[in-house]
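Below: one structure, written as C-alpha cells.
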Amino acid sequence: MKLKKIFSILLALCLISALFSACTSSERPALSIAGAEITQGVYAYYLDKAMATPSDYGLDLSAGAADYKNKAIELCKEYVAVNTTFKELGLSLTVAEKTDLSTKVSGFWRIYSKYYTSTGVSKQTLTKIESSNSEKDKLFLYYYDTGGTKAVPESTIKAYFNANYFVFQAINGYLTKTDENGNTVDLNAAEIKSLQTEFNAMAKSIAKGETIQEAGISYAAEQDNSSVNTDVTVIGKDNTAYPAGFYEAVAKLKAGTPKVIMLGKYIFLVVKVDISKSEQDFYQQYRTDSLKALKGGEMDTFIASVASGYSVAKQDKIMDKIYKTISTVK
C-alpha cells in the first residue's frame, strides 16, 4: 500500500513536470501576419538588422524605437510574402540547394553564434531566415530567368555584363608604412615619388612584353605590404573592395595596356584583360549577378506589394522586451 502511494505521488509529479515543460516550450509569437505566427527569434533577427545598419533600410540616425519596430514588422511581412508566394507556386528547394543552405547556416553559426544567441536568434531561426532568402532567390529566377514569366533576353543580360564588369590583373601597393612605434603613417613626398618610379618601371616592362607576374616578382618579394594577383580579378560597379574611383579608372583602360593608378592611400599597376579572349567564361560566373542588377529592384517591389496587403496583430509587450534586449547588445 505504501509503495502504491509513493508511485501515485511520483506519477503526479511527473505529470506536473510534463505540463510545465509543455507550457514553457510553447513560446508566444512576437506578432501574427495574415494569420502566420512570427516567432520571437525571427522578429528579433529583422529588428537587429534594422538597428545595426539603419541606412540600409531607409532609416537615419534620428530613428527611434517605433521606427525600428515598424521596419522590423515590414521585413517580417516580406518574409511571409516570400514564403507564401513560393508555396503558392508549388516551388521547392532541391536537395543540393538544401545542402548548400545547411552549409551556409553552419558557417554563420560557427562564427556568429554568440552574437545571435545574445539577440535571441537560435540556429533554427537562422535556418528559417536563410531558407526564406534561398526561396526568394529561386522565386527571382522563376520569374526572370530563361523560360520565366518575365524572362529577360539573354542579349540584354550579356550587354549589361559587358558594360558593367571589367577583368584585370594588378600589382598593389600602399602609400603608407609602419613606423618604429607600430603606427601606420603616410609616406613622405620622396618615398611616394620613388614608389611611383618603381611602378612606372614595371609598367614599361609589361609594355615591352613581360607578363605582370614577371614584372612584379622582385617587387612583391621585397615588399611585405604589396602583392601580385596572378589570377585575374573581376570588378563590378557596386564593388567596395577597392577605393572610390577605381572602377571608373579601370573602365577607361585599353585591354592589355598597363596603367599606374593612385587613389587615396593606394597605388596600383593595372592591366585590363580582354574578356572576349579569355579562356574563363566570366559571363556565366556573373550572369545571375547581372540579372539581379537588372531586375532585383523590380522583384523587391513585387514582394513589398504582396506584403503591403497583409494584416498584422502585434504582441507589444513581447516586441518591447525584444527591443530592450537588442538595445543592450548594441
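Return the residue satisfying two criteria in turn: it lies in segment 56-71 and is touching a residue at least 60 places away in the same chain (Cβ under 8 Å) and of a type outside the set (D, E, K, R), and of such residues it is surrounded by the fewest Cβ atoms within 10 Å (Cβ to Cβ). Across segment 56-71, the extreme among qualifying residues is A65. Residue count for segment 86-126, restricted to those that are β-branched (V, I, T), surrounded by 12 or more Cβ atoms within 10 Å (Cβ to Cβ) and assigned to a helix (DSSP H, G or I): 4.
Among the residues making up segment 277-330, those that are among the aliphatic types (A, V, I, L, M) and under 30 Å from P29 (Cα atoms) are M299, I303, A304, V306, A307, V312, A313, I318, M319, I322, I326, V329. Is at least one residue of segment 254-277 free of Cβ contacts under 8 Å to residues at least 24 places away in the same chain and within 24 Å of the chain's Cα centre (by Cα)? Scanning segment 254-277, I find no residue that is free of Cβ contacts under 8 Å to residues at least 24 places away in the same chain and within 24 Å of the chain's Cα centre (by Cα), so the answer is no.
Residue-wise test of (1) at pLDDT below 95; (2) in contact with a helix residue (DSSP H, G or I) (Cβ under 6 Å, 6 or more places away or on another chain).
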| site | (1), (2) |
| --- | --- |
| G41 | no, yes |
| A50 | no, yes |
| L61 | yes, no |
| A72 | no, yes |
| K77 | no, yes |
| A81 | no, yes |
| S92 | no, no |
| V95 | no, no |
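Would you say Y45 is of a type in the set (F, W, Y), closer than 14 Å to I322 by Cβ and modelled with pLDDT of 95 or more? Yes.
Of all the criteria given as (1) modelled with pLDDT of 50 or more; (2) of a type in the set (A, V, I, L, M); (3) not in a loop (DSSP other than H, G, I, E, B), the one not satisfied by L15 is (1).
Quick one: is A170 hydrophobic (A, V, I, L, M, F, W, C), at pLDDT below 90 and surrounded by 12 or more Cβ atoms within 10 Å (Cβ to Cβ)? So A170 does not fit the description; no. Whether a residue is crowded, with 16+ Cβ neighbours inside 10 Å, in the same structural domain as I322 (by TED's automatic domain parsing) and either of a type in the set (K, R) or in contact (Cβ under 8 Å) with a residue 60 or more places away in the chain (or both) was assessed, and L175 does not pass this test. When the helices (runs of 4 or more DSSP H) confined to segment 148-222 are screened for residues that are within 26 Å of Q280 (Cβ to Cβ) and of a type in the set (D, E), those reaching at least 1 such residues are found at 154-164, 212-222.
For segment 130-162, taking the residues that are of a type in the set (F, W, Y) and in contact with a Ser or Thr (Cβ under 6 Å, 6 or more places away or on another chain), the one that is farthest from E298 (Cα to Cα) is identified as F161.
For G245, the conditions (1) within 15 Å of Y165 (Cα to Cα); (2) of a type outside the set (S, T, Y); (3) surrounded by 15 or more Cβ atoms within 10 Å (Cβ to Cβ) are fulfilled apart from (3). Screening the candidates I267, I275 for the property of being touching a Gly at 6+ places or on another chain (Cβ under 6 Å), farther than 23 Å from T53 by Cα and not basic (K, R) yields one hit, I267.
The values are calculated or read from the model by the stated rules, or taken from the named source; none is laboratory data. Quick caveat: nothing in here was measured; it's all calculated off a predicted structure. Quick reminder, even Gly has a Cβ in these numbers, built from the backbone with ideal geometry, and neighbours come from all protein chains shown.
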